Amino acid sequence: MSHTIAILTTTSFSIFTIAFFGIAGFVAGFLLRVAVNAKQKKNLLKLEDEMLNNHSRILLLEKKISNLERENSELSKYTPRKVKLKVS
């Protein structure tokens, strides 16, 4: 009878050990995946910020170009014509 208890104790210990390492592995994998997702999200947000900054810079440059073109067209309306002098 003592041999049966010893075998059951050893077997149950190994089952609990396997279950413990299985749960520990699951938790470690879950935490690793959460960390990878957080890093990817951080990189994605960084890239989105960079894109927004680039687009805002492009819009500012386009605004400057349109303002300069408008000023140029206004100035071209008022440029004096060359007057030819007649010699008598």
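The values are calculated or read from the model by the stated rules, or taken from the named source; none is laboratory data. Predicted model only: the values in this text are computed from it and were never measured. Cβ: placed from backbone, ideal geometry, glycine included. Neighbour counts: every protein chain shown.
State whether one or more residues within the range 30-42 are at pLDDT below 95, among the aromatic types (Phe, Trp, Tyr) and either assigned to a helix (DSSP H, G or I) or in contact with a Lys or Arg (Cβ under 8 Å, 6 or more places away or on another chain) (or both).
No, the conditions are met nowhere in the range 30-42.
Considering only the range 68-79, I want to know if a residue exists there that is at pLDDT below 90 and not in a helix (DSSP H, G or I).
yes
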